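Inspection log for the structure reproduced underneath, given as structure tokens.
The values are calculated or read from the model by the stated rules, or taken from the named source; none is laboratory data. Because the structure is a prediction, the values reported are computed rather than measured. Here Cβ is always computed from backbone atoms with ideal geometry, including for glycine, and neighbour counts include all displayed protein chains.
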Amino acid sequence: MNAKGKEGRGLRPSLGLLDATAISVGAIIGAGIYVVIGIVAGMAGPGMLISMILAAVASLLIALSYAELSAWLPLEGSVYEFAYRLISPSAAFFAGWMYMMGNAFAGAAVALGFAYYFVALFPLAEPQVIAVLLCSAFAAVNFYGIRQSAQLNNVLVGAKLLILAFFILLGLEHFHLEDFQPSVPSGGGVIYGACYIFFAFAGFGRVSVMAEEIEDARRTVPKAIILSLLISTVFYLAIGAVAIGLVGAPSLAASSSPLADAMRATGSPAAVSLVSLGGLLATASVLLTSILAVSREAYAMALRRNLPDRLAKLHPVHGTPYISVWIAGMLMALLALLVDLQNLVAVGTFGTLFYYAMACVSDIRLRMQRREGLILPVAGVVFCLVLLIFLLFTSPLALSLGTIMVISGGLFYKLMSKMRS
């Protein structure tokens, strides 16, 4: 039986496996590969491919826990509901709070990523203004319904995968193996790079936060999580290798639109324009699902009165948590105006690692109840903590804002507890 039927909640299941997989692929392949790849190239050089493999392994370990938890409890809210039932209400609140904050920063980062590729096509535009307009437009799409959002996302995902396949195939014709020397830089650049490229994988669990809107969620959500991660990993490694082989890591590091600049090495302006269009489609689909995820998490938390009740209110016609949708969109727009791209990525990754660690801890508790092995979820927690430590060394602002997010969450939790009592 679907979780909706068990819990009597108001959302309707209407999405199949293709929609669910496209939501997670759409959440993964975006600003991470189109924009953050430049940041990682500056840290790890050609060793960026090793960074990608490390991030993919960490993501797979966490994804296995996510898939198991989603099969056990396919409810809207994902890690919030897992932690609520397996750890404690307070742990659940912090998991949900950090999920919303992390995805808000990540959404702002991809909005800026979209803006940079838009400016590459139309140089007269102002990036921050474009980012704000995009956040507003996609909040409107989410307002009208999950079915409409999923249909638009399917189109965006299909188009961007075709463009990325074109990038790989054309780039191989102009590939220079000498750009891979030295293959691994000295110091911890590869590990630091893994922390940032993890941002590019982080959307694999996004489909679970809207589980009540997916048909046969117990089977569909876990399949979508694993499929999306496998598809994205193959594309990432191929794209990373081709991008380095086209222009070298230093050129990627110096660019705010690295894949478009890498494509310039082919000498085809039409190819550059097409890849820039792919950047627009890729970042747009991630932003679309980011607003979707934050609004559904707020909806789930409001149902338990961990957030104000109005955030769980559904629109009488469209059936969406419309107040949560508009707040999510406007928050991302504000962050895109106030914070630069690298720090948006760092803080978004901080929040992501926090709630993924909570998901792995939840899976440990579930496996203890079932008397099953703990190796995989424990390894997931360890990977999250290692990446988090390295991340905080590279970005003091991530540490500061992450601490502020945790403290503000604690104060808000106490306020809501007093209001309930």
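Scan segment 193-211 for residues that are under 18 Å from residue 223 (Cβ atoms) and of a type in the set (Phe, Trp, Tyr) and jot them down. Answer for segment 193-211, where residues must be under 18 Å from residue 223 (Cβ atoms) and of a type in the set (Phe, Trp, Tyr): 201, 204. Examine segment 78-91 for a residue that is of a type in the set (S, T, N, Q), on the phi > 0 side of the Ramachandran plot and buried (at least 21 other Cβ atoms within 10 Å of the Cβ), and state whether such a residue exists. For segment 78-91, residues of a type in the set (S, T, N, Q), on the phi > 0 side of the Ramachandran plot and buried (at least 21 other Cβ atoms within 10 Å of the Cβ): present.
The helices (runs of 4 or more DSSP H) located wholly in segment 34-152 include none with 3 or more residues which are β-branched (Val, Ile, Thr), over 20 Å from residue 383 (Cβ atoms) and touching a strand residue (DSSP E or B) at 6+ places or on another chain (Cβ under 7 Å).
Do we find that residue 384 is at pLDDT 90 or above and either under 19 Å from residue 81 (Cα atoms) or surrounded by 24 or more Cβ atoms within 10 Å (Cβ to Cβ) (or both) in this structure? Considered against the rule, which asks whether it is at pLDDT 90 or above and either under 19 Å from residue 81 (Cα atoms) or surrounded by 24 or more Cβ atoms within 10 Å (Cβ to Cβ) (or both), residue 384 comes out as no.
For segment 44-55, the criterion of being at pLDDT 90 or above, of a type in the set (S, T, N, Q) and under 18 Å from the mean Cα position of the chain (by Cα) is met by at least one residue.
So that you can scan it fast, the table gives a plain yes or no per residue for (1) in contact with a strand residue (DSSP E or B) (Cβ under 6 Å, 6 or more places away or on another chain); (2) in a helix (DSSP H, G or I); (3) of a type in the set (A, V, I, L, M); (4) in contact (Cβ under 8 Å) with a residue 12 or more places away in the chain:
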| position | (1), (2), (3), (4) |
| --- | --- |
| 307 | no, no, yes, yes |
| 310 | no, yes, no, yes |
| 315 | no, no, no, yes |
| 329 | no, yes, no, yes |
| 335 | no, yes, yes, yes |
| 350 | no, yes, no, yes |
| 354 | no, yes, no, yes |
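When segment 380-399 is filtered for residues that are part of a helix (DSSP H, G or I) and of a type outside the set (A, V, I, L, M, F, W, C), the ones remaining, listed by number, are 380, 394, 396.
Applying the criterion of at least 3 residues that are modelled with pLDDT of 90 or more, within 28 Å of residue 133 (Cα to Cα) and under 22 Å from the mean Cα position of the chain (by Cα) to the helices (runs of 4 or more DSSP H) found wholly in segment 187-295 leaves an empty list.
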